[in-house]
Amino acid sequence: MSNFNELIKNIRSLLIGPAVSRFAPSPTGYLHAGHVVSCLYVFGITRAVGGQVLVRIEDHDQSRSRDAFDDAIRDDLIWLGLIPDRSPWPGHELGQFEPQLRQSLRAGIHAQRLQDLTAQGLTYRCDCSRKGLSHNPDGELFHDGACKNRHVPQDAPHGIRVLMPDRDFVFDDLALGTQHQNPQRQTGDLLARDRTGSWTYQFSCTVDDLDQGVNLIIRGEDLLPSTARQLALREVITGSDLAPTPLFFHHPLVKDESGKKLGKRFLSTSIRQMRLDGQTPEKVLGFAAFLAGKLDRQVPLDLPTALDLFAR
Ligand SMILES: [Zn+2]
């Protein structure tokens with residue numbers, strides 16, 4: 001990974017205007033140490049380039065989202081001192097209040113965007129179930145486009161797919177270097193709304209990043225394969241391959257002892273549990289830095305020191 005000066009200089013030279021990045025959790029569980037690691041990358045790098053951080057609540061899947069988790073995310077961020085410039089929560093201590101940073105309030109906007117694409121002939125109805133789809137070599141669901149010419153009836157349960165170009169998208173990841181991805185070969189045409197009427201992560205995230213002026217996307221490596229899909233969708237939505245694309249920094253995922261991705265089932269490491277156990281914010285920040293390999297042992301860290309470590 002680039003050293004502090006190179007990374008920060010690089011971002012400054014590549015961006016037109018101030019950096020805007022986001023931390024975008026789903027309220028489907030408590031924040032855990034992996035989220036804190038991600039937050040420290042987002043806040044650390046963005047603050048170092050003099051940019052703005054917004055928090056967006058990705059509650060596009062209403063069947064899995066819970067208000068209690070939404071509240072807990074807010075409380076845990078305040079407790080850690082990770083205060084965004086713009087947030088979906090009212091209150092002076094959380095930056096500028098923007099209700100639109102909560103995806104469930106944007107369903108009408110997402111619907112309008114999809115309708116615009118449909119009017120241009122860029123979508124089609126799909127009634128495939130997850131079970132009926134094949135998988136790509138990475139284990140992701142793959143749609144072969146068969147529904148494009150099937151004319152699935154309007155009144156049957158169906159999702160909507162957006163046509164994806166069949167070509168390589170090339171981008172320079174700030175952490176991982178040059179990447180080549182072909183969204184059509186990865187997963188086929190992109191599901192924007194599923195059969196239950198829920199907006200998909202890919203569609204809602206891309207529309208929101210565009211509308212909210214996000215130009216620096218810092219997130220875990222598990223989302224690396226999504227990047228070309230989101231770049232392709234930006235092109236389709238803006239009708240141009242000349243629109244500025246965001247910069248990407250995909251950071252390594254935190255692993256547990258067995259080498260697996262740290263998941264929500266590691267309840268012992270939820271920030272909520274750590275607080276109940278009497279931990280301090282400094283200890284949690286030190287634990288996150290240790291998990292991310294930024295420290296070789298666990299020591300308490302104050303927030304400025306932690307942010308500085310993650311910006312190099
Ligand atoms: Zn289909």
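The values are calculated or read from the model by the stated rules, or taken from the named source; none is laboratory data. Only a predicted model underlies this, so the values are computations on that prediction, with no experimental measurement involved. Quick reminder, even Gly has a Cβ in these numbers, built from the backbone with ideal geometry, and neighbours come from all protein chains shown. Heads up: the accessible areas ignore ligands, DNA and RNA and are worked out on the full protein's heavy atoms, side chains in. Shrake-Rupley method; radii C 1.70, N 1.55, O 1.52, S 1.80 Å.
Which pairs have Cβ atoms under 6 Å, sit 6 or more apart or on different chains, and link a residue in region 128-141 that is over 17 Å from Pro157 (Cβ atoms) to one that is β-branched (Val, Ile, Thr)?
Glu140/Thr187
Quick one: count up the residues across region 275-293 that are without any contact (Cβ under 8 Å) to a residue 12 or more places away in the chain and in a helix (DSSP H, G or I). Full working, then the answer.
Just the residues of region 275-293 that are without any contact (Cβ under 8 Å) to a residue 12 or more places away in the chain, to begin with: 276-279, 290.
From what is left, the residues that are in a helix (DSSP H, G or I) are 276, 290.
Total satisfying the criteria: 2.
Looking at (1) open to solvent by 10 Å² or more (accessible area, probe 1.4 Å); (2) modelled with pLDDT of 90 or more; (3) over 21 Å from Ala48 (Cβ atoms); (4) among the hydroxyl-bearing types (Ser, Thr, Tyr), which one does Thr305 not meet, given that it meets all the others?
Exception for Thr305: condition (3).
Is it fair to say Gly263 is open to solvent by less than 30 Å² (accessible area, probe 1.4 Å), in a loop (DSSP other than H, G, I, E, B) and at pLDDT below 90?
Details: open to solvent by less than 30 Å² (accessible area, probe 1.4 Å): yes; in a loop (DSSP other than H, G, I, E, B): yes; at pLDDT below 90: yes.
Considered against the rule, which asks whether it is open to solvent by less than 30 Å² (accessible area, probe 1.4 Å), in a loop (DSSP other than H, G, I, E, B) and at pLDDT below 90, Gly263 comes out as yes.
Kindly indicate the residue of region 59-106 that is of a type in the set (Gly, Ala, Ser) and open to solvent by 40 Å² or more (accessible area, probe 1.4 Å) and also farthest from Leu40 (Cα to Cα) among those meeting that condition. Show your work before the answer.
Kept after step one, since they are of a type in the set (Gly, Ala, Ser), are these residues of region 59-106: 63, 65, 68, 72, 81, 87, 91, 95, 104.
Now drop any that are not open to solvent by 40 Å² or more (accessible area, probe 1.4 Å), which leaves 63, 68, 104.
Details: Ser63: 29, Ala68: 23, Ser104: 26 Å.
Filtering first and then ranking leaves Ser63.
If you scan region 112-128, which residues turn out to be surrounded by 14 or more Cβ atoms within 10 Å (Cβ to Cβ) and aliphatic (A, V, I, L, M)?
Within region 112-128, Leu114, Leu117, Leu122 qualify.
Right, Arg106: farther than 18 Å from Ala192 by Cα and not polar (S, T, N, Q) or not?
On the way: farther than 18 Å from Ala192 by Cα: no; not polar (S, T, N, Q): yes.
For Arg106, the condition - farther than 18 Å from Ala192 by Cα and not polar (S, T, N, Q) - is not met.
If a residue counts only when it is more than 12 Å from the ligand (Cβ to nearest atom) and open to solvent by 20 Å² or more (accessible area, probe 1.4 Å), which strands (runs of 3 or more DSSP E) contained entirely in region 129-203 have at least 2 such residues? Break it down into steps so the answer makes sense when it comes.
Working: elements: 159-162, 169-173, 177-181, 190-193.
Ranges flagged: 169-173, 177-181.
Condition first: surrounded by fewer than 21 Cβ atoms within 10 Å (Cβ to Cβ) and closer than 20 Å to Gly213 by Cα. Now tell me which residues in region 1-19 satisfy that. Even if it seems obvious, please write down each step before you answer.
Here is the first cut: in region 1-19, the residues surrounded by fewer than 21 Cβ atoms within 10 Å (Cβ to Cβ) are 1-10, 12-18.
Across region 1-19, the qualifying residues are Ile8, Asn10, Arg12, Ser13, Leu14, Leu15, Ile16, Gly17, Pro18.
Got a sec? Which helices (runs of 4 or more DSSP H) wholly within region 1-92 have at least 2 residues that are under 22 Å from Leu176 (Cβ atoms), at pLDDT 95 or above and not β-branched (Val, Ile, Thr)? Quick ask: steps written out before the conclusion?
Values: elements: 4-14, 33-48, 67-80.
Because the criterion is at least 2 residues that are under 22 Å from Leu176 (Cβ atoms), at pLDDT 95 or above and not β-branched (Val, Ile, Thr), the helices (runs of 4 or more DSSP H) in region 1-92 that meet it are 33-48.
Quickly run through region 229-257 and pick out the residues that are open to solvent by 80 Å² or more (accessible area, probe 1.4 Å) and either in a loop (DSSP other than H, G, I, E, B) or modelled with pLDDT of 95 or more (or both).
Start the filter on region 229-257 by keeping residues that are open to solvent by 80 Å² or more (accessible area, probe 1.4 Å), which leaves 241-242, 244-245, 255, 257.
Residues satisfying the conditions are Asp241, Leu242, Pro244, Thr245, Glu257.
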